Every structure is written in C-alpha cells, then in structure tokens.
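The next block holds one structure in the form of structure tokens; read it before the comments.
The values are calculated or read from the model by the stated rules, or taken from the named source; none is laboratory data. None of these values were measured; they are calculated from a predicted model. Counting neighbours? That spans all protein chains shown, and the Cβs are built from the backbone with ideal geometry, glycine included. For the accessible areas, the whole protein counts, side chains as well, though only heavy atoms, and no ligand, DNA or RNA atoms are used. Shrake-Rupley method; radii C 1.70, N 1.55, O 1.52, S 1.80 Å.
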Amino acid sequence: MKEISCKLLVIGAGPGGYVCAIRAGQLGVDTVIVEANYLGGTCLNVGCIPSKALIHAADEFAKISRMAAGESPLGISLGRPEIELAKTVAWKDGIVGRLTSGVSGLLKRSKVKIVKGVAKFRDGKTVVVESETGTQIIRAEAIVIATGSAPVALPALPFGGAVISSTEALALGEVPRSLVVVGAGYIGLELGTAFAKMGAEVAIVEAEPTILPQYDAELTRPVARRLDALDVKVLVGAKAKGLTAKADALLVENSDHQEIRLAADRILVTVGRRPVLDGWGREELVLDMDGRFLRIDDECRTSMRGIYAIGDATGEPMLAHRAMAQGEMVAEIVAGKRRSWDKRGIPAVCFTDPEIVTVGLSPAEARRVGGEIKVGLFPFTANGRAMTRLGEEGFIRIVARADNHLVLGVQAVGQDVSELSTAFGLALEMGARLEDVAETIHAHPTLGEAFQEAALRALGHAVHI
Ligand SMILES: Cc1cc2nc3c(=O)[nH]c(=O)nc-3n(C[C@H](O)[C@H](O)[C@H](O)COP(=O)(O)OP(=O)(O)OC[C@H]3O[C@@H](n4cnc5c(N)ncnc54)[C@H](O)[C@@H]3O)c2cc1C
C-alpha cells in the first residue's frame with residue numbers, strides 16, 4: 001500500500017477544494033487534492049457552468065423563435081428555427097471540458113498533487129484513498145473537507161426513469177415534450193424556463209405559496225410574469241404526491257387539496273441540495289454539526305484541530321463563490337497568514353428570466369435588524385439602455401441606513417443584471433454610502449446608471465424619474 005505525507009490535504013475538487021489547493025500551492029504549501037469524480041465538482045460539471053450554457057442556448061432559441069413568429073419590434077423576420085439539443089449539450093460539454101482541464105493545469109502549475117479516488121478518514125490526520133489503481137494512505141498536518149452537496153430526492157419520487165435531477169436535465173439528448181419541475185427554487189426555475197424556451201410544455205409545482213420563496217414579491221413578480229408569457233403553468237401551495245401507476249403523469253395535491261394529474265415525459269425534482277456528509281469517514285471523527293451542516297468557525301475550522309471544512313458541506317448560501325472565498329482563506333491560514341471571515345455580503349444570482357441579484361439586506365431584513373432605513377428604487381422603464389435592449393422589465397433597489405446613509409443591501413431584477421452583482425458587492429464590501437454611489441460617474445448608456453439613480457432616489461433627488 002502506497003503512503004505519502006503532505007502539509008495540506010484537500011478532499012473534493014469542487015470550486016471550494018480546487019481554489020484552496022491552487023492558492024496553497026502558490027504559497028509553497030505541500031498540497032495534495034483527492035477527487036472521486038471530476039475536477040471542478042458540481043459547479044463546473046453539473047451545476048453553474050453547464051446550466052448557464054443551456055440557459056444561453058435557450059435564450060438564443062427563444063429570441064429567434066420570436067422573430068420567426070413575427071413578434072420582433074426590431075423589424076427582423078426569418079424562418080422557423082429548430083434546436084438539436086444533443087448538439088447544444090455537446091457544445092456545453094466542450095465548455096466544461098475546457099474549464100476542467102484548465103483547473104487541472106492550474107493545480108499542476110501550483111505543484112499540487114492530484115489523486116483520483118474516494119477519500120475516507122482513518123483518523124484526524126490520516127486518510128485512505130481507494131481508487132481503481134489501488135489503495136493509498138495520505139498523512140497530512142491539515143485536512144480540508146470540501147465534499148460539497150448532492151440533489152435531495154423526494155421519498156415519493158425517487159430518482160430514476162422519468163424522474164430526474166438537475167444532473168440528468170443538463171445532459172438530455174432531446175427536448176422533452178412535457179416537463180414537470182418540482183420545486184420553484186432558483187435551480188428549478190432556471191432549468192424550467194430554459195426548457196420552456198426550447199419548446200417543452202412546462203409545469204412547475206411548488207409547496208410554498210410563492211415561487212422563489214426566499215425573495216420578496218416585488219423581486220419575483222417580473223419572473224412570474226415571464227413564466228406566464230412562456231405558458232409555463234405554475235402551481236404554488238401544491239404538493240407532488242408521486243407517479244401514476246403507468247408512470248406517465250405526476251399526481252399533485254393542489255392548493256385546494258384536490259388531486260390532479262400532470263402528464264409529463266420527464267419530472268425534474270429540484271427541491272434542494274444536501275451536504276455530502278457520508279462516504280468520507282465522518283464516523284471516525286468527532287465533528288460538531290450546525291443543523292444539517294458541518295459546524296465551522298470564522299476561520300473555517302471544525303471542532304477538530306487541524307480539520308477545516310468549506311463550501312456546500314458547511315451551510316448556506318450553497319454557492320460556488322462562497323466556497324471559493326472560503327477555500328482561498330483556508331489556504332492562507334494553513335500557510336501561516338492571519339485571515340478570518342469578515343465578508344459584508346455574498347451576492348446571490350438567479351439566472352431566471354429576468355435575472356435576480358441580491359446582496360446584503362432586503363428592506364424587510366434591514367427593518368428587522370432595527371433602525372430607520374432609506375430605500376431607493378429605479379425602474380428600467382426609465383433607463384435608455386434597457387429600452388434599446390428590449391429589457392424594460394425590472395428595477396434596481398438600494399437599501400441604506402437613514403442616519404449615515406451606509407448601504408446595507410442592493411437588489412435588482414432585470415435583463416442581464418447578474419453582471420451588476422460585481423458593482424453591488426463592491427459597494428457593500430467597501431462600506432459605500434448612498435452619496436458614494438450617487439456621485440460616482442456611471443457610463444452612459446448602461447444598465448448600471450439605474451444603480452446611481454436608485455441611490456439618488458433614496459437621497460430624494462433622482463434625475464431621470
Ligand atoms: C444546476 C445547478 C446550478 C447551479 N448554479 C449555480 C450558480 O449559478 N452560481 C453558484 O454560485 N452556484 C450554483 N450552484 C451551486 C454550486 O454548484 C455549488 O455551491 C458549488 O459547486 C459548491 O462547491 P463545493 O466545492 O462546496 O462542492 P462541489 O462542487 O459539490 O464539489 C465537491 C466535490 O467533492 C467530491 N467528493 C465528495 N466526497 C468525496 C470523497 N470522499 N473523496 C473524494 N472526493 C469527494 C465530489 O466528487 C465533488 O467533485 C448550482 C448548482 C446546481 C446543481
């Protein structure tokens with residue numbers, strides 16, 4: 001049995017793990033990373049990147065379809081388009097391949113040793129890796145658990161056959177004729193919208209009274225309107241009960257407690273993700289939990305000395321950029337630098353249509369924290385660039401303390417607002433006040449001008465409305 005020793009061992013090469021390993025390698029830390037499946041983890045292989053590739057393809061197809069239907073106000077007309085999903089998926093796989101081999105190259109450049117296989121703790125300093133080529137023992141001074149998350153299954157709808165998770169949805173060979181999405185969180189809505197745009201008849205079943213339940217109604221209304229325009233049937237306050245005997249339809253208890261049938265070629269279950277806490281020898285350790293996640297402190301240390309945890313295994317928000325930021329921080333701590341988690345906000349984006357961005361506190365959250373607040377909202381109907389892009393739906397909203405105008409949060413809904421998350425996050429992280437945003441010159445004509453105008457409006461003197 002082969003044995004190796006290193007200073008840092010990272011288990012899992014998702015965005016948390018691989019960023020941690022690359023940064024540690026850059027800092028001269030002798031690092032090994034173990035991955036059971038594919039470099040890049042959920043994010044690069046079956047999450048963020050492939051879903052956005054599919055969403056982009058669906059947007060392009062929907063745009064051309066509108067033109068073909070004679071619905072383009074731009075005066076463009078053309079013939080009816082076709083989509084060959086297998087080709088779209090192959091294109092998406094090409095992007096995934098480029099990115100994952102990029103990660104491999106970056107790890108090698110940082111002199112990180114990559115080990116393929118399933119890692120399992122033997123004790124707090126030793127891990128056994130099983131792979132097709134044999135068993136290997138790795139001893140490390142510090143170990144990072146970055147095992148990520150997996151889709152949650154519903155007991156009444158186990159995955160298999162027509163019932164699929166986001167992973168299978170991202171690799172379908174053809175557009176299903178009919179698709180029922182169970183769960184109207186961001187993953188379900190992103191994929192449901194994409195398939196509706198590609199021509200599937202889509203229904204969405206959500207147990208909560210609203211879609212995207214963690215967002216306020218002002219933000220989700222434009223998304224609900226667009227789903228309606230795409231003829232997506234949305235059933236809120238409804239529960240998926242299981243398949244019919246022939247497995248050709250989903251039985252649903254609607255909000256009036258009546259049982260209805262939704263015919264479906266595919267049923268996509270997106271009711272959340274669970275941290276991966278099994279298969280890596282947790283039973284050999286004594287790790288404190290925080291609800292269903294591993295408990296960590298503000299340096300990502302677990303309750304055991306020398307063992308860190310990052311990413312989806314450690315809690316909400318389960319987002320790639322949180323995992324990456326934690327990974328980078330832990331690498332620096334292991335290298336001897338003084339770091340701790342002191343982020344003011346973590347942006348969250350729903351790549352729905354239109355997109356939603358939030359960072360920091362919403363008006364309701366800010367009020368709950370206490371103190372007077374100022375809120376400024378600027379609609380895209382008053383933004384020239386939005387008009388030129390046929391994207392007038394939505395707004396940017398800024399929340400600030402009433403006394404010193406410190407920005408507490410920014411929310412936006414609109415076409416391509418995901419790209420504005422950078423500006424919003426920077427404002428929050430830099431401790432900007434309304435005046436800082438309002439007095440920064442924003443390039444014209446851009447969607448970003450709505451951010452400046454929202455700040456001006458909170459100050460009581462918006463110019464363009
Ligand atoms: C459809 C979809 C869309 C998403 N879109 C976005 C988005 O737009 N933006 C965003 O920020 N987030 C998005 N996410 C979430 C994002 O993918 C995760 O937050 C992120 O991947 C978490 O990173 P991680 O490093 O914690 O874990 P993961 O990416 O889950 O990686 C964990 C890795 O650990 C490996 N592993 C587990 N156990 C072992 C073991 N015992 N031995 C060796 N290896 C092991 C796994 O094989 C995996 O590769 C999306 C997720 C999905 C499913």
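Show that you can apply the helix-only estimate: for the chain, add -39,500 (n - 2.57) for every DSSP H stretch of four or more residues, divide by all residues, and state [θ] at 222 nm to the nearest 500.
After summing the helix terms and dividing by residue count, I get -9500 deg cm²/dmol.
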Worksheet item: Once a ≥ b ≥ c are taken as the square roots of the eigenvalues of the Cα gyration tensor of the range 1-114, is the result rounded (a/c under 1.5), prolate (a/b larger than b/c) or oblate (a/b not larger than b/c)?
Response: prolate
Worksheet entry | Length-normalised contact order for the chain - Cα pairs under 8 Å, 6+ apart - percent | 15 percent
Worksheet item: When only the heavy atoms of the protein chains count and the probe is 1.4 Å, how do HIS444, HIS321 rank by accessible area, highest first?
Response: HIS444, HIS321
Worksheet, complete the sentence: So, over other residues within a Cβ distance under 13 Å of ALA207, counting Lys, Arg +1 and Asp, Glu -1, the net charge is -1
Fill in: Kirkwood hydrodynamic radius over Cα pairs of the range 312-453, then Stokes diffusion coefficient at 4 °C and 1.567 mPa s, in µm²/s
80 µm²/s
Worksheet item: Dividing the alpha-carbon radius of gyration of the chain by 2.2 N^0.38 Å (N being the number of residues), what value is obtained?
Response: 1.05
Fill in: Global geometry of the range 178-290, whether rounded, prolate or oblate, following the gyration tensor of its Cα atoms and the 1.5 cut on a/c
prolate
Worksheet item: Counting other Cβ atoms within 10 Å, which GluC sites (Glu not before Pro) in the range 96-189 have at most 11 and lie in a DSSP loop?
Response: GLU132
Response to the item:
Restricted to the chain, the DSSP antiparallel beta bridge percent, nearest 5, is 60 percent
Fill in: Gained length - GLU218 relative to ASP256, 0.36 nm times residue gap less alpha-carbon distance
11.2 nm
Worksheet item: Mind ordering 99-107, 455-463, 75-83, 177-185 by average Cβ neighbours within 10 Å, highest first?
Response: 177-185, 455-463, 99-107, 75-83
Worksheet, complete the sentence: For SER149, the net charge from surrounding residues (Cβ-Cβ under 10 Å; K, R +1; D, E -1) works out to +1
Item to complete: Name the residue farthest towards the positive end of the dipole of the chain from the options VAL330, ILE76, PHE61, assuming +1 on Cβ of Lys and Arg, -1 on Cβ of Asp and Glu, about the Cα centre.
Response: VAL330
Fill in: Accessible surface of the range 139-204, 1.4 Å probe, proportion on carbon and sulfur as whole %
56 percent
Practice prompt. Quote the convex hull volume per residue of the range 140-211, based on C-alpha atoms, as a whole number of Å³.
Written response: 152 Å³
Worksheet item: If you project the alpha carbons of the range 61-105 onto their three principal axes, what span does each projection cover, largest first, in Å?
Response: 47, 21, 10
Discussion item. Run the simple label-point estimate for HIS444 and THR167 please: 7 Å along Cα→C-beta, distance reported in nm.
Written reply: 5.2 nm
Response to the item:
Sorted on mean Cβ neighbours within 10 Å (highest first), peptides 322-328, 289-295, 123-129, 395-401 come out as 395-401, 322-328, 123-129, 289-295
Practice prompt. Choose one of GLY384, GLY394, ALA169: the residue whose Cα lies farthest towards the positive end of the charge dipole of the chain (beta-carbon charges +1 Lys, Arg; -1 Asp, Glu; about the Cα centre).
Written response: ALA169
Worksheet item: Any idea how far apart ARG225 and ARG368 come out in nm if each label point goes 7 Å out from Cα toward Cβ?
Response: 2.7 nm
Worksheet item: Using the Cα gyration tensor of the range 79-166, with a ≥ b ≥ c the square roots of its eigenvalues, what is the shape: rounded (a/c below 1.5), prolate (a/b larger than b/c) or oblate (neither)?
Response: oblate
Worksheet item: Order of 22-34, 148-160 by packing, highest average Cβ count within 10 Å first?
Response: 22-34, 148-160
Fill in: Of LYS7/LYS92; LYS63/LYS108; LYS7/LYS343; LYS7/LYS52, pairs whose Cα-Cα distance is over 31 Å
LYS7/LYS92; LYS63/LYS108; LYS7/LYS52
Discussion item. Could you put CYS48, CYS300 in order of accessible surface area, largest first, with the 1.4 Å probe and the full protein assembly present?
Written reply: CYS48, CYS300
Worksheet item: So which aspartates and glutamates can LYS111 reach, going by Cα to Cα under 12 Å and dropping same-chain residues fewer than 8 places off?
Response: ASP30
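What is the dipole size for the chain, taken about its Cα centre, with +1 at each Lys and Arg Cβ and -1 at each Asp and Glu Cβ, in debye to the nearest 20?
Dipole magnitude for the chain comes out near 1060 debye.
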Worksheet item: Got a number for carbon plus sulfur as a percent of the range 228-344's accessible area, 1.4 Å probe?
Response: 44 percent
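Hey, can you find the accessible area per residue of the chain for me, probe 1.4 Å, expressed in square angstrom?
Details: 21660 Å² over 465 residues.
So the chain comes to 47 Å² accessible per residue, rounded to a whole number.
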